[in-house]
Amino acid sequence: MSTFAVDGLVSGLDTASLVSQLMQLEAVPKARLQTKVVDHTTDIRAYQNVAAAMKKIEDAVAEVTKAQTWTGVKAAVTGDAVTATARTGASTGSLAIQVSSLATQARWTFADQAGLDTAATFTAGTQLSFTKGDGTQVSVATGSGSIRDVMDSINATEGLGARAVAVRVGPEEYRLQITSTGTGATGATRLTNPEALDPGFDPATGRTGGTDAAYTINGIAGTSPTNSVTNLVSGVDVVLTKVGEATVGVATDTAATKAAIEKLVAATNEALAVVKVQTATDPGLSTRGPLASDSMVRAITGRVLQAVGDGVGGISAATIGLQTTREGTLKLDTAVLDQALAANPAGVRAMFSPVPGPPVPVDPSDPGGPTVPAPVQVGIAERLRSIVDSATSTSNGFLTNAVQGRESSKKDLETQILSWDRRLETRKTALQKQFAGLEVALGRLQSQGSWLSGQLAGLQNNRA
């Protein structure tokens, strides 16, 4: 039986403590509701953790099923005449390249030499005419005719496609040189009237460059206005670096494929680890996960392992190095995977994402007769995608439904708790009024008792 401190003014009761303890008893139903809210919050977080981990599997599945993942190529160059890059879709094979000449910039070098600011070094007040690669005509004023004025005017003309420099040839003496920023015989900007600047300009000695690159590929001649040649053959880009010979070998690149498979295995194992933690059980309940009683979440592990363990088309995933373990995880032997990718990349692809085969005849005895689409095996990637979708679909995924159900229930519980808050506040006010009334009543009784005692004492004195 509970005891209370006696320190009241009239009744001797600690009424504040008494009300507080009574309210604790009254609040037990509210405390139960609060415990349920905490449990629901924990469950929601657990479901969301599982869903997030499952979504990583979905992302990895998307990567491993992309066509680019399985059609990667790489270029290897023997020789230093070119560098090369192979893009997705390039045909594998070997290219023999011979570079006869590189594309060069057009350059005009003027013979007159003088100080940078010596006026009338060149013809003053004239207009230089430039023709850009697209045929556009641009005029540039020569100003005073000094090397600096001509150089600054050219370099200040935006989009001209040519630059001018002053080359020092002696103490305070310079020569003007104009160079196109592009290369090639016709694609680069050209100075069409150098004699307007210098009537004595000799094209034979003053103009150089402005030529296309020349090369042969497997004996076929070609030219290019630049040294960067896109689609030298379909999907292969090269940069011509020097005159000489080189061999470009284009081969299948399995690096992206291997990385995608490793990503899928890692994402799957991460999801399985999350499921294991959230559904953990222990006889003593010391490590029980919040979702231990959810059979659908527990079943994720078995479904995932079966999706891999069943293989595809009667072929075990172990043939490409992928296996399930007793611990409930996936294991990838990368050495076996490398061998499988080198020997049969199409077979590896079929394990994850089978490609439909050619139509098959309705009547096997009549190969030329009507056909139907070939049956398509369901690969590991599609099986995993289906498992993820059944769990996380926004319309009917069981994890989604579980979260929505808990959130709805939690909201209802929180509404009930607010109602209990109001109810308990009303009850507390009522108790406080009751005890206050008790104090008043006891005070009156005490006063009446004192009066009666005084009266009795007076009667006794009169009799004496």
Where the eigenvalues come from the Cα gyration tensor of the chain, what are the semi-axes √(5λ) of the equivalent ellipsoid, largest first, in whole Å?
88, 46, 18
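May I ask you to give the solvent-accessible area per residue for the chain, in square angstrom, as obtained with a 1.4 angstrom probe?
On the way: 25510 Å² over 464 residues.
Ligands and nucleic acids excluded, the result is 55 Å² per residue.
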How long is the stretch 258-326 along each principal axis, judged by its Cα atoms, biggest number first, in Å?
42, 25, 18
For the chain, the percent of accessible surface on carbon and sulfur atoms (probe 1.4 angstrom, ligands and nucleic acids excluded) is 53 percent
Can you list the lysines whose alpha carbon sits under 26 Å from that of residue 242, skipping same-chain ones fewer than 8 residues off?
74
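Defining a contact as two alpha carbons under 8 Å apart and six or more residues distant in sequence, what relative contact order in percent does the chain show?
After rounding, I find 20 percent.
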Short version: ³J(HN,Hα) in whole Hz for each residue of the stretch 66-75, in order, from phi by Karplus 6.51 cos²θ - 1.76 cosθ + 1.60 (θ = phi - 60°), x for Gly and Pro, what are they?
5, 4, 4, 5, 10, 10, x, 9, 9, 10
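Would you mind getting me the FRET efficiency between residue 59 and residue 411? Use the beta-carbon distance for r and R0 = 30 Å, nearest 0.05.
0.45
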Mean projected area in nm² (Cα convex hull; one quarter of hull surface) for the stretch 14-64
4.2 nm²
Which entries of 55/331; 258/331; 56/331; 66/263; 30/410; 56/258 show an alpha-carbon separation above 22 angstrom in the structure shown?
none
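The values are calculated or read from the model by the stated rules, or taken from the named source; none is laboratory data. Not measured: the values here are computed from a predicted model. In this analysis, Cβ positions are derived from the backbone assuming ideal geometry, glycine residues included, and neighbour counts consider all displayed protein chains. Ligands, DNA and RNA are stripped out before the accessible areas are found, and what is left, the full protein with its side chains, is counted by its heavy atoms. Shrake-Rupley method; radii C 1.70, N 1.55, O 1.52, S 1.80 Å.
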